[in-house]
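Here's the structure, in structure tokens; my notes come after.
We did not get these values from a lab; they are worked out from the coordinates using the rules stated. Because the structure is predicted, anything quoted here is derived from the model rather than measured. Neighbour counts are summed over all protein chains in view; Cβ atoms, including those assigned to glycine, are modelled from backbone coordinates with ideal geometry.
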Amino acid sequence: MSDNTTIIRTALVTGGSKGIGYGVAEVLIKEGIRVAITSRSKEAAEAAAAELNKIKAGYALPLESDVRSFASQQNAVNTVLQTWGRLDYVIANAGVGHLVPFEKLSTEQWQETIDINLTGVFFTAKATLEALKSSKGYFITIASLAGANFFDKGTAYNASKFGLVGFTQALMLDLRQEGIKVSTIMPGSVATHFNNHTPSEKDAWKIQPEDIGQIVSDLIKMPARTLPSKIEVRPSMPPTK
């Protein structure tokens, strides 16, 4: 007798209540993947999940979690496993940016940037490792073109994203023999609330959050033998200066 049980894949998206994280969750749910979204704000996670569940009821799971805490990440993973029994894809998206001249960059802003953008991804990878070993899953980090191109007012942000790109590429080499794929996506200008920006019609030329979601979807559909490990993404037609 054959087992006709359909396996429903699951994903964990850190910082999934808005911006790129929400765009990724939206695309994955439309493709039949259950998605747990985390936020430091319980209310923000629940509000986003309520909207996502309008796409497919019960496919979005809101989690209050802080990537700066390893225990918090472990609790999030345990909740996913207790709820859905498996974890196939992890999108380490949570990030912050303080783009100010070095002289005005506070020690608190520096620490927060490194803790969320870099150490937070390390904690997420550690917390999800055993689950991804079991599922032969995929770990994807959302870096930035700022991880390859330095700019003024970017000392903290550049440092965190340069570090994240290096971390992800080294992680890929460590985990591929475990059957876990690892990739980093490096977007340019995306229409989000990053750096206190309010998206508007003027951002139509920018990469949209769901575009990054499509890239994540394309990655997880790649043949098992093929691994695009680092992907740089730019707006195709930015305004002329």
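Observations
- By the count of other C-beta atoms within 10 Å, a proxy for reagent exposure, Thr168, Thr38, Thr83, Thr226 are ordered fewest to most as Thr226, Thr83, Thr168, Thr38.
- Cross-link partners of Lys181 among lysines (Cα-Cα below 21 Å; sequence separation of 8 or more within a chain): Lys126, Lys133, Lys136, Lys161, Lys221, Lys230
- Mean separation of Cα pairs under 8 Å and 6 or more residues apart, divided by the residue count, gives the chain a relative contact order of 19 percent.
- With neighbours defined as other Cβ atoms within 10 Å of a residue's Cβ, the residues Val77, Val233 order from fewest to most as Val233, Val77.
- Spatially proximal lysines relative to Lys42 (Cα-Cα < 17 Å; intrachain offsets below 8 disregarded): Lys18
- Long-range HN-HN contacts of His98 with modeled amide H, under 5 Å: Tyr157
- For the stretch 98-194, the equivalent ellipsoid derived from the alpha-carbon gyration tensor has semi-axes of 28, 14, 11 Å in decreasing order.
- Convex hull volume of the stretch 1-83 per residue (C-alpha atoms, cubic angstrom): 91 Å³
- Within the chain: Cβ-based charge dipole about Cα centre, in debye rounded to nearest 20 (Lys, Arg +1; Asp, Glu -1): 460 debye
- Trypsin sites (Lys or Arg not before Pro) within the stretch 87-158, DSSP loop, no more than 13 other Cβ atoms inside 10 Å: Lys136
- Rounded to two decimals, the Cα-based Rg/Rh of the chain, with Kirkwood Rh, is 0.96.
- Along the axis of the charge dipole computed for the stretch 10-233 (Cβ charges of +1 for Lys and Arg, -1 for Asp and Glu, origin at the Cα centre), the listed residues Thr155, Leu28, Ile114 are led at the positive end by Leu28.
- Taking the C-alpha atoms of the stretch 46-105, convex hull volume expressed per residue in Å³: 128 Å³
- From its DSSP helices (H runs of at least four residues, each -39,500 (n - 2.57)), the chain gives a residue-normalised ellipticity at 222 nm of -12500 deg cm²/dmol.
- Of the residues Phe150, Phe162, the one with the fewest other Cβ atoms within 10 Å heads the list, and the complete ranking is Phe150, Phe162.
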